[in-house]
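Notes for the one structure printed next.
The values are calculated or read from the model by the stated rules, or taken from the named source; none is laboratory data. Treat the numbers as computed from the prediction; the structure is a model and nothing was measured. Heads up, the Cβs are rebuilt from the backbone with ideal geometry, glycines too, and the neighbour counts pull from every protein chain shown. With ligands, DNA and RNA removed, areas are computed over all heavy atoms of the protein, side chains included. Shrake-Rupley method; radii C 1.70, N 1.55, O 1.52, S 1.80 Å.
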Amino acid sequence: MANQYAALFKNTDFRVITVFIKGQHNSEVVEQSGADEVIFLNATSKQMRGLKRQLIKKVRQLHQQYQFEFVIAHRYKSIYIASHIKHLFVIGVAHIDGVFSPFMRKLFAFLHQKNLLLLGVSKAIRDDIRKSLFLFDDKKVQHLYNSLDFDSIREKQLPRDEARRALSLPDDHYLFVNVGRLHEDKDQTTLIKAFAHVHMELPNTKLVLAGKGRLEQRLKSLVNELNLTEKVIFLGMVPEFYKYLHAFDTFVLSSIREGLPVSLLEAFAAEQICIASECNGNAEAISEAGYSFPVGDDKKLAEHLKTTFHLNNAERTNIILKVNKKISEHFTESAVRQFFWSMPELKKHLKK
């Protein structure tokens, strides 16, 4: 995410300072951030609770040192900390719905709205913020899609056979894949149930779940109950999973809530046939570029699993053309950069 937002400043006179509030210094993170300088505040969980006075003090000191033109703050706690710097213009980014639902957050945003521009990572998240902050000026709540350097990602993605060998996956099976934490928000339960409905009709198919999480044992128990032990593969956590996406035939995202999932954009980069639930930003991303189903509807999802399995080459090519059109219009770095710098509230601030 730091790299995505640093890319907004390519070919400008701005110098980008990226500040990670939590986490230890990591040279690989520094290298990949795309920033001119990276600072780690090494905050503890205790410091992140309550009024966060120590962190506010540290950010004030950074502002005195660098004289920031503005701050892009991701998620509420960062927005809260940055907004305590007097007269500092803050662009706050919400990655999920419900961020400003609590009353105290509504009040905080209202009191700081003079120097605050809020962005949702999709139009759905933007609209959720506007609904929560109904006294807030709508012009100060916009959307900015997540973006990827698609050319760079595609250069790093392995060919199908090589990717399958690297992950020890069977050569002769049709593979459905889900990528994400094994968590209630990702709702792999619905996906497993959907696969159980149709796997007997779809020869040589397997479902692959890539990720770790607290629901792992529960999901494995469900797989056993449905007699799918030989049909479902739990890959665990695979670093830089986007490199291996060509190994699969259909990408499935079954989440109950998403802002705008980077994993779906990475699947687009791999020119995957995609199925996604109709939650928040999923619906915007998948519209006209794949298949969608109502959240939690395992029967509708099962229909789409069958449909994608039976697609012929011409049908797949037609979908991929639509995917690439959507990428170029909305999700490339250049498209998002152009939209960012054209936002009236940002232009108004820069004129000041």
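Between LYS58, LYS46, LYS243, where does the largest GNM mean-square fluctuation fall for the chain, given springs only between Cα atoms within less than 10 Å?
Looking only at LYS58, LYS46, LYS243, the biggest GNM fluctuation is shown by LYS46.
Quick check on the chain: helices-only [θ] at 222 nm, where DSSP H runs of length 4 and up contribute -39,500 (n - 2.57) each and the sum goes over total residues. Nearest 500, please.
Using -39500 (n - 2.57) per qualifying helix, the result is -11500 deg cm²/dmol.
How would you classify segment 139-261 from its alpha-carbon gyration tensor, with a ≥ b ≥ c the square roots of the eigenvalues: rounded for a/c under 1.5, else prolate if a/b is greater than b/c, otherwise oblate?
oblate
How much accessible surface does VAL71 have with a 1.4 Å probe, in Å² rounded to 10?
30 Å²
Quick one: with all protein chains in place, what share of the accessible area of the chain is carbon or sulfur, to the nearest percent (1.4 Å probe)?
The value for the chain is 49 percent carbon and sulfur by accessible area.
Expressed in nm², what is the orientationally averaged projection area of the convex hull enclosing the Cα positions of the chain?
Numbers: hull surface 73.5 nm².
Mean projected area of the Cα convex hull: 18.4 nm².
Which whole-Hz couplings ³J(HN,Hα) result when phi for each residue of segment 89-97 is put into the Karplus expression 6.51 cos²θ - 1.76 cosθ + 1.60, θ = phi - 60°, listed in order with x for Gly and Pro?
6, 10, 9, x, 10, 9, 9, 8, 6
Apply the Karplus curve 6.51 cos²θ - 1.76 cosθ + 1.60, θ = phi - 60°, to the phi angles in segment 282-295 and return the couplings in whole Hz, x for Gly and Pro.
3, 4, 5, 5, 7, 3, 6, 10, x, 10, 10, 8, x, 3
Distance between the C-alpha centers of segment 209-223 and segment 1-57? Whole Å please.
What the calculation gives is 32 Å, centre to centre.
To the nearest 10 square angstrom, how much accessible area does LYS22 have with a 1.4 angstrom probe?
Rounded to the nearest 10, the figure is 100 Å².
Once fully extended, how much extra length lies between LYS57 and SER334, figured as 0.36 nm per residue of separation less the alpha-carbon to alpha-carbon distance? Can you show the working numbers first?
Working: separation 277, 0.36 × 277 = 99.72 nm, distance 3.54 nm.
Value of the extension gain: 96.2 nm.
Write down the accessible area per residue of the chain in Å², having rolled a 1.4 Å probe over the full set of protein chains. Please list the in-between numbers first.
Values: 17430 Å² over 352 residues.
Value returned for the chain: 50 Å² of accessible area per residue.
GNM on the chain, C-alpha springs below 10 Å: top fluctuator among ILE153, ILE327, ILE72?
ILE153
At a 1.4 Å probe radius, which order do GLU31, GLU284 fall into by accessible area, largest first?
Descending accessible area places them as GLU31, GLU284.
Taking H placed 1.01 Å from N in the peptide plane, check which residues at least 5 places from MET343 or on another chain put their amide H under 5 Å from its amide H.
none
Taking a threshold of 24 Å on the Cα-Cα distance, which of the pairs LYS57/LYS212; LYS22/LYS131; LYS114/LYS351; LYS86/LYS347; LYS57/LYS77 fall above it?
From LYS57/LYS212; LYS22/LYS131; LYS114/LYS351; LYS86/LYS347; LYS57/LYS77, over 24 Å: LYS57/LYS212; LYS22/LYS131.
Set the bar at 23 Å for Cα to Cα. Now go through LYS206/LYS299; LYS156/LYS186; LYS186/LYS243; LYS326/LYS348 and name every pair that lies beyond it.
Those over the limit are LYS156/LYS186; LYS326/LYS348.
Arrange the residues MET200, MET1, MET48 by how much accessible surface each exposes, largest first, with a 1.4 angstrom probe.
On the way: MET200 160, MET1 80, MET48 20 Å².
Sorted descending by solvent-accessible area, the residues read MET200, MET1, MET48.
Ordering HIS330, HIS25 by accessible area with a probe of 1.4 Å, largest first, what comes out?
Ranked from most to least accessible, the order is HIS25, HIS330.
Check each of the trypsin sites (Lys or Arg not before Pro) in segment 82-188 and keep only those in coil by DSSP with at most 10 other C-beta atoms within 10 angstrom; list them in order. Don't skip to the answer; put the middle values down first.
Details: sites: LYS86, ARG105, LYS106, LYS114, LYS123, ARG126, ARG130, LYS131, LYS139, LYS140, ARG154, LYS156, ARG160, ARG164, ARG165, ARG181, LYS186; in loops: LYS86, ARG181.
Answer in residue order: LYS86.
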